1. With each pseudo-label sitting 7 Å past Cα toward Cβ, what's the residue 297-residue 97 distance in nm, one decimal?
2. Please work out, to two decimal places, the log10 of the ratio I(q)/I(0) at q = 0.09, 0.12 Å⁻¹ from a Debye calculation in which every Cα of the chain carries one identical scatterer.
3. Nearest 0.05, what FRET efficiency do residue 328 and residue 117 give at R0 = 41 Å with Cβ-Cβ as r?
4. Going through segment 67-134, which trypsin sites (Lys or Arg not before Pro) have at most 12 other Cβ atoms within 10 Å and a DSSP loop state?
5. Going by amide H atoms built from the backbone, whose H comes under 5 Å of the H on residue 92, apart from near neighbours?
6. Using the Cα centre as the reference, give the magnitude of the dipole from point charges on the C-beta atoms of segment 140-273 (Lys, Arg: +1; Asp, Glu: -1; all else neutral), rounded to the nearest 20 debye.
7. With +1 on each Lys and Arg Cβ and -1 on each Asp and Glu Cβ, how big is the dipole of segment 238-331 about its Cα centre, in debye rounded to the nearest 20?
8. Specify the residue with the greatest mean-square fluctuation among 243, 303, 181, computed from a Gaussian network of the chain linking alpha-carbon atoms under 10 Å apart.
Amino acid sequence: MNNLLTDISGVRVGHAHDVAAASGVTAILFDSPAVASIDVRGGGPGTREEALLSPESTVEAIDGIALSGGSALGLDAAGGVQAWLAEQGRGFRIRDAVIPIVPGAICFDLLNGGNKAWGRFPPYRDLGYAAASAAADDFALGSVGAGLGATTANFKGGLGSASAQTDGGVTVGALAVVNAVGSVTVGDGPWFWAAPFEKDSEFGGHGLPPSFTPDMLRARLKGAPLATPSQNTTLVVIVTDAVLSKPQARRLAMIAQTGMARAIYPVHAPLDGDVVFAAATGKKPIDPLFGLTELGMVAANTVSRAIARGVHCATALPFAGALPAWKDRFG
């Protein structure tokens, strides 16, 4: 176990980004099609293939997921991931036609100081292809890929990951792109809201403050009062090696959303686009009631940890007025 999404066998992750543009793409690839669904709670989401992931839709499994900056322009990233998969002969087959199934979601990073003057076509399709080409078992955290341009209310956001196992040996991994309207820390201190779920000091080991002051509990909102509905989002991918049906994957995504509420304050706001994808590689059977409930509990805790790690591992953008990284203040 490396405390990464790729602790699930058959899952690979790749990043590609444009440092000057302060934006990027992260691709999650499955060696074999994975049963998947989605849960959306934020008021300003940007998604691709969301309808396909509904339990009543026909296609059961997906080949990859594309997470991107760029707001709606970043939805092109999934086309790049799709192109790479098509070259490998991967996809949903209808007679001689092969269609890679790549849902995606985006976060808004267009006002973070990077150069977005990219001309007629934004770079996200090419970045998606590069991210898929780079997919591997090991991958970096922090200001990389789709997390390169991410921010929160008070600290630089980023990309985080974590993994865990249930008592029955089912593995679950989470990957989060943290670009939230709210804060991942308690006030402006070193404490993370996700502290009760931390393992092995993975995001600093500071625990929670000895007491909570009114200032700690006030809303810290990115861009307030001038924020727009598309400026913020947290994107999460949960993958498990359990055997799940598509409706069960949807339920897992719904339970895992609880992890956002434990790690971001406030969350699921009108200005957020919070999305959780849940995918299952189908290796280990679980009890459909109690087993799925336990898996959802562990998944939610793992989401919280991944979110905190995304901020903990981030580095500040090299632009005037850029938000500080957590490590800039607390090491």
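The values are calculated or read from the model by the stated rules, or taken from the named source; none is laboratory data. This structure is a prediction, so every number in the text was calculated from the model and none was measured. So basically every Cβ, Gly included, is an ideal-geometry build from the backbone, and we count neighbours across all protein chains shown. These area figures cover heavy atoms from the full protein model, side chains too; ligands, DNA and RNA do not enter into them. Shrake-Rupley method; radii C 1.70, N 1.55, O 1.52, S 1.80 Å.
1. Using points 7 Å along Cα→Cβ, the separation is 4.6 nm.
2. -0.40, -0.72
3. Numbers: r = 28 Å, r/R0 = 0.69.
Efficiency for this residue pair is about 0.90.
4. Numbers: sites: 90, 93, 95, 116, 120, 125; in loops: 90, 95, 116, 120.
Hits after loop and neighbour filter: 95, 120.
5. Result for residue 92 returns 99, 101.
6. Details: 9 positive and 8 negative charges, 81 e Å.
Its charge dipole is roughly 380 debye.
7. Charge dipole, segment 238-331, about its Cα centre: 140 debye, nearest 20.
8. 243
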